[in-house]
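Participant: Dropping the structure in here first, questions after.
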Amino acid sequence: MIYTMTLNPALDYVMHPLTLDMGYTNRSSSEELYCGGNGINISTLLNELDVVNVAMGIVAGFTGEYLINELQDAGIASNFVKLDRGYTRINVKLNGIVMTMVNGMGPKIPQKKVDELLGRMDVLQSGDTLVLTGSIPNSLPEDMYNQIMARLAGRGIQFVVDAPGQLLMESIKAHPFLIKPNNHEVGRIFKADPMPETPEDCLPYAKKLQEGGARNVIVSCGGNGSLLLDEYGTEHMVPTARVRLVNATGAGDSMVAGFLAKVTRGMDYENALIYASACGTATAASKGIAKRSTIDRVVTALYKKMGREMPASIADDIKNEKARAEAQALAAEGNDGEKQSPEGE
Ligand SMILES: O=P(O)(O)OC[C@@]1(O)O[C@H](CO)[C@@H](O)[C@@H]1O
């Protein structure tokens, strides 16, 4: 079973301002509200790929209630500790000509709620995967991820960490199965000058992260593709399919979800990376986290661009999903027909 941990979840309020003038009232042309926070995005995409998972974390207030209800409606199992005060943050994403984000700080978390969360994690068993991702609220210790991994150490649980800067460097000491920084994060960690932009540029830094303890290191490089330095020392580099950018929020999380969805079902690392890259691109081309139909389209385009044959398991999956969607559309048409018939009896 895959568990995702979001210590500081959010509702992502995406606004589309036509202009953005600091110091003036700006008007948005449309808005959307999504459940967010890295772990929740990963759970959402795993669910889209029919991978059963549990979203864990800490929520508060009316925004936390909304989040839990939305996850439930989407069929995602959740196990969140509820705070007695405060509210889950609302992160504002201003999606104009350039993307500007203002992420909230999140509620204050008392120690007794941290203890409750740690206690709930005792359900994890050998063979489970725990994804630790996203920022840690100010009121929690900086080494929170390490505390969690230390508590669960020796139980045969695989850890995946996607965290910024020092948090990531601390986490790799626990030998996580996978980490996934992006090229800029890697550049900042190692004070690289110039910034690494391509998978090739990132390779020396991925090696350092592996030397520090991480087993598999994926570095995403936006439109320049991605790199996986796997635990056997093999380097995999994959380009990105070309799409029209709609909203990059959650693209990195979608990569992690796509990779896990495939490796936990036994796929080799190279093809899992290609699939992961397609999931990230599909989300960048979507409003919110990508739907299955977009992922299937992007993954097909990416294999074509690479001039490679798609593994049979992915091709079959796409065929089955297409047949399911067509059957569903037909059934819906049938229902509409019934409703429209004026006096059916
Ligand atoms: O403030 P953090 O925890 O660093 O990042 C949170 C966040 O920006 O990351 C996700 C995208 O990865 C969004 O859903 C969410 O708003």
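The values are calculated or read from the model by the stated rules, or taken from the named source; none is laboratory data. What you see is a predicted model, and the numbers here were worked out from it, not measured in a lab. Here the Cβ is made from the backbone with ideal geometry for all residues, glycine too, and neighbour counts use every protein chain on show. Remember, those area values only see protein heavy atoms, side chains included, never the ligands or the DNA or RNA. Shrake-Rupley method; radii C 1.70, N 1.55, O 1.52, S 1.80 Å.
Participant: Taking the conditions exactly as written (more than 15 Å from the ligand (Cβ to nearest atom), open to solvent by 20 Å² or more (accessible area, probe 1.4 Å) and at positive phi), does ASP50 satisfy them or not?
Facilitator: When the stated conditions are applied, ASP50 passes them.
Participant: Just wondering, is there one or more residues in the range 13-30 that are open to solvent by less than 10 Å² (accessible area, probe 1.4 Å) and within 13 Å of the ligand (Cβ to nearest atom)?
Facilitator: yes
Participant: Let me ask something else. Could you grab me the full set of residues in the range 233-256 that are outside any helix (DSSP H, G or I), within 27 Å of GLN210 (Cβ to Cβ) and within 16 Å of the ligand (Cβ to nearest atom)?
Facilitator: Answer for the range 233-256, where residues must be outside any helix (DSSP H, G or I), within 27 Å of GLN210 (Cβ to Cβ) and within 16 Å of the ligand (Cβ to nearest atom): ALA248, GLY250.
Participant: What's the number of the only condition in (1) closer than 17 Å to MET237 by Cβ; (2) loosely packed, with under 14 Cβ neighbours inside 10 Å that ASN320 fails to meet?
Facilitator: (1)
Participant: With respect to the numbered conditions (1) in contact with an Asp or Glu (Cβ under 8 Å, 6 or more places away or on another chain); (2) away from the ligand (no atom under 16 Å from the Cβ); (3) open to solvent by less than 20 Å² (accessible area, probe 1.4 Å), which one is the sole condition not fulfilled by LYS180?
Facilitator: Among (1) in contact with an Asp or Glu (Cβ under 8 Å, 6 or more places away or on another chain); (2) away from the ligand (no atom under 16 Å from the Cβ); (3) open to solvent by less than 20 Å² (accessible area, probe 1.4 Å), the lone unmet condition for LYS180 is (2).
Participant: Right, next: If we scan the range 158-171, do we find a residue that is part of a loop (DSSP other than H, G, I, E, B) and modelled with pLDDT of 95 or more?
Facilitator: no
Participant: Return the residue satisfying two criteria in turn: it lies in the range 85-124 and is assigned to a strand (DSSP E or B) and open to solvent by 30 Å² or more (accessible area, probe 1.4 Å), and of such residues it is farthest from ASN247 (Cα to Cα).
Facilitator: ILE90
Participant: List every residue pair whose Cβ atoms sit under 6 Å apart, with the two residues 6 or more apart in sequence or on different chains, where the first one lies in the range 1-26 and is farther than 12 Å from LYS93 by Cα and the second, anywhere, is more than 8 Å from the ligand (Cβ to nearest atom) and among the acidic types (Asp, Glu).
Facilitator: Correct list of pairs: MET1/ASP128.
Participant: Then there is this: Those residues that are closer than 20 Å to THR88 by Cα and either away from the ligand (no atom under 16 Å from the Cβ) or assigned to a loop (DSSP other than H, G, I, E, B) (or both), I need them from the range 125-135; list them, please.
Facilitator: Answer for the range 125-135, where residues must be closer than 20 Å to THR88 by Cα and either away from the ligand (no atom under 16 Å from the Cβ) or assigned to a loop (DSSP other than H, G, I, E, B) (or both): GLY134, SER135.
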